[in-house]
């Protein structure tokens, strides 16, 4: 397999980014996830954060931890060399990313953009729900809010641009679509994605030792539930 | 025993060096805006420099200490007073029980820090005491402080101390290595070279004012609009404190402590770590300028600042030791 060299550049004087190309594609993301898994399993010293995105991965490091032991090249150059070595000889444990099945209620009360979407796409809401629930989505990255998953790819026939005017308050649990991406708002927040449903499941729970339900690399499949089921699960979730 | 907020300030929160290791879950670092001021205040009272402190904007809260405490204030100079008497900043102070600490006038800077010896008695969330207001977690009940809040202190005064009067310790931290009034130094961001020649020139020579909409998430700037040679769509990528993003309207935002973990706007630069304390202390309507440096220079300046902090920490230990022997 052809593995292009990433573009490597500073993301500040204490962070480094490796980026593969300028588009969202599966090959680039495989590189990202492989390095993410490798660095989690066999960490490099001085690294404090490893942040994967669609086609890039950024490492935040502590320059003073490094400086205490070395001083001949810049910390940036040193970490760059370490990372290039790691890319050539990847080390990682076997990773089985989990599949998370997430219930979604597509009732109009919880899906403020669904009706307009049906008009624009000339599809029935049943078809839209079916198309949204069919794929197994991949969590490419988590960002924007704690636990907010950026997932792809949405079926081309139901892809929608972001709203021209973002909403001031999107309710917690809302499922949104933005282009080929679908995402879930883990908490009330302003937001501009097209809202087509809501999940009663908590994606972010501060009382939990692992506060986020999803992690980069996980896969997700949605399944439809009724408004009654939504209320029941929501009650159980928040007990 | 505790410190009580008897009047709320504009935006007072518990912060430390920030939450590290969870950005891949979208959990942003938060932490003190001015890390050096936070560390200085801690060093003065012989805390670990990473201990949690109270971060305050003007108008600041009015605090009442229900117990004796050993405190220090660093960062902005808001004219600190104890029971109505002016006290210096960057100098440790012993205060007896029932002391009222308040600040009267904004003289210099934007954000001040209060450290108490032993720290505040709070619980960590994901290895940090920093307040994450958006997620409503960390710090004190995951929120900014309001009137009536009572925060317990870890420091347990001895019987002897209970009867002591307030006293200012006879040593002061020099913080001149942490601030300057020249152009803020930045290293080029990945999209810097895509700016037009004119825009590159404007960015490195023009003045930008800080808009009032600036907050802990970011400083919004106003200046001559900047342009790219060609407009390209960006895919979201991780951002850091100090990242300078160019918004579609040609204006810049400098991301600060409460920044999101990822962003989709082009990055024209990154303020170097050594200059973030200076930037943190700028107020809205202040003017700032930028000058480009290499990553080598940025690293050297950061190491020098760390070394200064290290010397400061050691000096504080020696001073207190000498004071007790005396």
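Values quoted throughout were computed directly from the atomic coordinates according to the rules given, and no laboratory measurement underlies them. Please read all numbers here as calculations on a predicted model, not as lab measurements. Heads up, the Cβs are rebuilt from the backbone with ideal geometry, glycines too, and the neighbour counts pull from every protein chain shown.
In this rough spin-label picture, where each label sits 7 Å from Cα along the Cβ direction, the residue B:48-residue A:210 distance is 2.7 nm.
Please report B:160, A:98, A:138 as a ranked list, fewest other C-beta atoms within 10 angstrom at the top and most at the bottom.
Details: B:160 8, A:98 12, A:138 19.
The fewest-first ordering by Cβ neighbours comes to B:160, A:98, A:138.
In this simple spin-label model, placing a label point 7 Å from the Cα along the Cα-to-Cβ direction at both residue B:81 and residue B:215 gives a separation of 3.1 nm. Measuring nothing but how far apart in sequence close Cα pairs (under 8 Å, 6+ apart) lie, relative to its length, chain B scores a relative contact order of 20 percent. Label segment B:26-74 by shape, choosing from rounded, prolate and oblate, from the square roots a ≥ b ≥ c of the eigenvalues of the Cα gyration tensor; if a/c is under 1.5 it is rounded, and otherwise prolate applies when a/b is larger than b/c, oblate when it is not. Oblate shape, in that a/c is at least 1.5 and b/c is the bigger or equal ratio.
When a/c is below 1.5 the answer is rounded, else prolate if a/b is larger than b/c, else oblate, so apply that to the protein assembly as shown with a ≥ b ≥ c taken from the square roots of the Cα gyration tensor eigenvalues.
On the way: a/c = 1.88, a/b = 1.48, b/c = 1.27.
It comes out prolate by the Cα gyration axes.
Each peptide in B:110-123, B:168-181, B:279-292, A:51-64 receives the mean, over its residues, of other Cβ atoms within 10 Å, and ordering these scores from highest gives A:51-64, B:110-123, B:279-292, B:168-181.
Spin-label pair residue B:6-residue A:134: with each label point 7 Å from Cα along the Cα-Cβ axis, the two points sit 6.9 nm from one another. Shielding of peptide B:302-309 by partners, expressed as the average count of other chain Cβ atoms within 10 Å per residue Cβ, is 2. For the pair residue B:311 and residue B:232, a Förster radius of 41 Å applied to the C-beta separation gives a FRET efficiency near 0.35, rounded to the nearest 0.05. Were the residues from residue A:108 through residue A:77 laid out at 0.36 nm apart, the gain over their Cα-Cα distance would be 5.8 nm.
Please compute the length gained on full extension between residue A:188 and residue A:167, using 0.36 nm multiplied by the number of residues separating them and subtracting their Cα-Cα distance.
Working: separation 21, 0.36 × 21 = 7.56 nm, distance 1.08 nm.
Length gained, residue A:188 through residue A:167: 6.5 nm.
Given axes a ≥ b ≥ c from the Cα gyration tensor, I'd like to know whether segment A:97-235 is rounded (a/c under 1.5), prolate (a/b larger than b/c) or oblate. Rounded, because the longest to shortest axis ratio a/c is under 1.5.
Considering the zone a paramagnetic label at residue A:155 would reach in this model (a point 7 Å from Cα along the Cα-to-Cβ line), which residues of segment A:109-125 have amide N under 18 Å from it? Residues passing the 18 Å test: A:113-125.
Rg and Dmax, both from the Cα atoms of chain B and both in Å, are 20.6, 71. Between residue B:205 and residue B:297, residue separation times 0.36 nm minus the direct Cα-Cα distance comes to 31.2 nm.
So what is the calculated 222 nm ellipticity per residue for chain B, using -39500 (n - 2.57) for each DSSP H run with n of 4 or more, over all residues, to the nearest 500 deg cm²/dmol?
Calculated from helices alone, the mean residue ellipticity at 222 nm is -5500 deg cm²/dmol.
Peptide B:237-247 has a mean of 5 when you count, residue by residue, the C-beta atoms of other protein chains within 10 Å of its C-beta. Sorted fewest first by neighbouring Cβ atoms within 10 angstrom, B:77, B:48 come out as B:48, B:77. Arranged from fewest to most other beta-carbon atoms within 10 Å of their beta carbon, B:82, B:45, A:73, B:53 become A:73, B:82, B:45, B:53. Remark: mean inter-chain Cβ contacts per residue of B:25-36 equal 4, using a 10 Å Cβ-Cβ cutoff to other protein chain atoms.
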